Amino acid sequence: MVRVFVVGVGMTKFEKPGKRSDDYPDFAREAITKAFDDCGVKFSEVEAATCGYVYGDSTSGQRAVYEVGMTGIPIFNVNNNCSTGSTALLLAKEFVESGKHECVLAVGFEKMERGSLSAKFVDRTNPMDKHVTLMAQLTEISSAPFSAQMFGNAGIEHMKRYGTKPEHFAKIAYKNHKHSVNNPYSQFREEYSLDQIKNSPVISGILTKLQCCPTSDGSAAAVVVSERFVRSHGLEAQAVEIVGMEMATDLASTFADNSCIKLVGYDMTKTAADRLFRKTGTTPSDVQVVELHDCFSANELITYEALGLCAPGKAAELIDRGDNTYGGKYVVNPSGGLISKGHPLGATGLAQCAELCWQLRNEAGARQVPGAKLALQHNLGLGGAVVVALYRLGFPEYRSRQIGVGRVAAGFSLSDFAVAPYLRLLEQAMAEENSLLEKHKGIYGFKVKKPNGEEGYWVINVKLSKGSIEINSKLKPEVTIIVNDNDVVDLIVGKLNPQRAFFQGKVKIKGNMGLALKLTSLLSTVAPTLADVRSKL
């Protein structure tokens with residue numbers, strides 16, 4: 001069997017629908033460009049593309065990909081409801097696995113309307129008609145959005161069957177909001193108290209507003225390649241292997257067993273997960289980090305059991321032990337999940353892939369899960385389809401061997417560098433303030449050295465519509481600043497004059513001195529706010 005790897009990932013910040021002034025081709029271009037920059041692959045090397053979106057006209061995938069190149073490659077448009085992004089990734093994997101292609105681009109994007117999801121076609125059978133009909137037979141239908149009712153009813157059934165309490169669902173939302181504080185790509189980055197979550201407006205049954213994911217605009221992308229491609233391009237140090245990937249759809253039990261839990265995909269998740277672990281020779285206990293489809297807190301809870309992270313009926317105990325967050329057995333949704341990060345339907349599965357690749361490459365910054373070696377993905381779409389996948393570093397020996405510009409040893413994290421919190425703040429600021437981009441146009445390399453020889457390397461791209469900061473990017477900078485970690489804070493806050501430091505040998509500049517001054521000016525914009533938000537990083 002051909003081994004398949006993800007070598008480059010990228011995504012946009014997920015935004016409230018309508019907040020961005022651009023359109024879905026621009027979302028996709030940003031995510032694709034970041035994925036290419038992450039691995040140094042050129043569009044001309046891509047042999048096919050799979051494009052996921054739910055709300056859009058036919059061939060929107062072509063229109064999105066054309067933003068980065070038009071080489072006549074086959075482009076496949078994918079719609080599988082909320083599991084669309086991971087379905088596009090699965091197709092890309094299978095194209096490579098079959099030997100048909102060496103390099104495939106998978107991209108997902110969505111431009112959504114505000115508010116809850118609704119049907120677009122009223123003159124034909126709704127694909128969810130069987131689900132809604134059964135729900136109406138099992139419980140009373142309310143005026144709440146149907147998806148919230150379905151997952152809320154599944155949570156209520158779990159409570160009746162196993163004694164779970166409303167607080168357990170609220171604790172999941174509390175965890176995910178807390179995790180999102182450290183994710184610059186997240187739509188919401190506010191931390192809420194448990195009481196705030198429980199007392200927010202009720203959407204349906206046990207589910208309050210802060211336990212429900214928002215609609216979002218955004219995009220995510222992955223470059224999927226063969227082992228031969230990895231080795232020929234020298235990408236071993238960052239290649240993340242797709243160990244296994246499985247899709248399942250509804251079973252007869254979804255409708256025959258009169259269960260609200262099964263109606264929202266429990267059995268198809270369990271079927272896909274059981275098959276995945278069996279085929280890969282692994283168990284749920286081997287996993288350290290999970291990106292799980294928490295469209296509602298109730299779904300995250302019942303999915304713990306469907307994936308085998310705990311026994312049926314034991315999800316509440318897992319939550320109470322803290323085995324779903326840092327310091328516990330698993331870290332579930334370090335990105336903040338759908339509840340906080342947002343849910344642009346076509347992009348979600350690929351954003352999960354990006355987060356898990358960063359985790360395995362030890363590049364997740366303040367979100368980093370210590371010792372993450374095996375990562376599990378779960379992406380669910382009602383109607384129905386579920387995709388589950390396992391990831392690990394494909395060549396861990398290369399990761400620990402190469403230390404220097406463009407490579408970071410697995411033994412330390414870039415979050416350890418003094419500059420790291422400033423760069424996280426800067427990425428957030430660039431996503432929110434267009435004026436920063438206009439004043440500081442350029443592509444900057446920023447290399448920081450520690451006394452023990454460890455090096456961190458970032459490329460700050462202020463030429464994109466939203467700006468980006470990439471770790472170990474192969475994008476060629478117009479100027480590179482090299483500085484010791486001991487001096488970097490003084491440089492940012494203005495205590496160390498870059499020109500004087502250059503002549504003193506404390507700072508090395510490769511390229512235009514004027515651009516270097518622009519970079520220090522850009523970094524200084526976030527220095528005054530660091531003290532106020534340090535507790536959130």
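Rolling a 1.4 Å probe over the protein heavy atoms gives region 268-365 an accessible area of 23 Å² per residue. Solvent exposure of region 132-184 amounts to 42 Å² per residue of accessible area, where only protein heavy atoms count and the probe is 1.4 Å. When nucleic acids and ligands are ignored and a 1.4 Å probe is applied, residue 524 ends up with an accessible area of around 50 Å². The angle between the Cα long axis of helix 166-180 and the longest principal axis of the Cα atoms of the chain comes to about 20 degrees, rounded to the nearest 10.
Take each peptide in 261-269, 315-323, count the other Cβ atoms within 10 Å of every residue, and average; sorted highest first, the result is 261-269, 315-323. The stretch between residue 286 and residue 190, if pulled fully straight at 0.36 nm per residue, gains 31.4 nm over its current Cα-Cα span. The apolar share of the surface of the chain, taken as the fraction of accessible area on carbon and sulfur atoms (1.4 Å probe, ligands and nucleic acids excluded), comes to 50 percent. When each of the peptides 166-174, 16-24, 440-448 is scored by how many other beta carbons lie within 10 Å of its residues on average, the order from highest to lowest is 166-174, 440-448, 16-24. Taking each DSSP H run with n ≥ 4 as -39500 (n - 2.57) and averaging over every residue of the chain yields -11500 deg cm²/dmol at 222 nm.
In this simple spin-label model, placing a label point 7 Å from the Cα along the Cα-to-Cβ direction at both residue 44 and residue 59 gives a separation of 2.6 nm. Computed from Cα positions, the angle between helix 24-39 and the longest principal axis of the chain comes to roughly 60 degrees. Taking 25 Å as R0, compute the FRET efficiency from the Cβ-Cβ separation of residue 130 and residue 23 and round it to 0.05. Result of the calculation: an efficiency of 0.10. With all protein chains in place and ligands, DNA and RNA left out, the 1.4 Å accessible area ranks 457, 398 as 398, 457, largest first. The residues of region 44-98 have, on average, 40 Å² of accessible surface per residue, using a 1.4 Å probe with all protein chains present.
For residue 210, the solvent-accessible surface with a 1.4 Å probe is about 30 Å², rounded to the nearest 10. With a 1.4 Å probe rolled over the protein heavy atoms of all chains, the accessible area of 109, 121 falls in the order 121, 109, largest first. To make sure I understand the rule: partners must be lysines, Cα under 17 Å from the Cα of residue 19, and not fewer than 8 residues away in the same chain. Which ones qualify? Counting by Cα, and skipping residues close in sequence, residue 19 has these lysines nearby: 111, 341, 466. Helix 345-360 axis versus longest C-alpha principal axis of the chain: approximately 50°, rounded to the nearest ten.
Here the relative contact order of the chain, from alpha carbon pairs under 8 Å that lie six or more residues apart, stands at 18 percent. A simple spin-label model places the labels of residue 232 and residue 122 5.4 nm from each other, with each point 7 Å out along Cα-to-Cβ.
Phi angles across region 65-79 convert, under the Karplus curve 6.51 cos²θ - 1.76 cosθ + 1.60 with θ = phi - 60°, into 3J(HN,Hα) values of 5, 4, 5, 10, x, 9, 10, x, 5, x, 10, 10, 8, 10, 9 Hz, Gly and Pro given as x. Peptides 280-288, 294-302, 326-334 ranked from most to least packed, by the mean per-residue count of other Cβ atoms within 10 Å: 294-302, 326-334, 280-288.
The heavy atoms of residue 102 present about 40 square angstrom of accessible area, all protein chains included, probe 1.4 Å. Of 140, 305, the residue with the largest accessible area leads and the full order is 140, 305 (1.4 Å probe).
The values are calculated or read from the model by the stated rules, or taken from the named source; none is laboratory data. Given the structure is predicted, the values throughout are model-derived calculations rather than measurements. Ideal geometry is used to build each Cβ from the backbone, glycine not excepted, and the neighbour counts take in all protein chains shown. All accessible areas refer to the heavy atoms of the entire protein, side chains included, with ligands and DNA or RNA removed. Shrake-Rupley method; radii C 1.70, N 1.55, O 1.52, S 1.80 Å.
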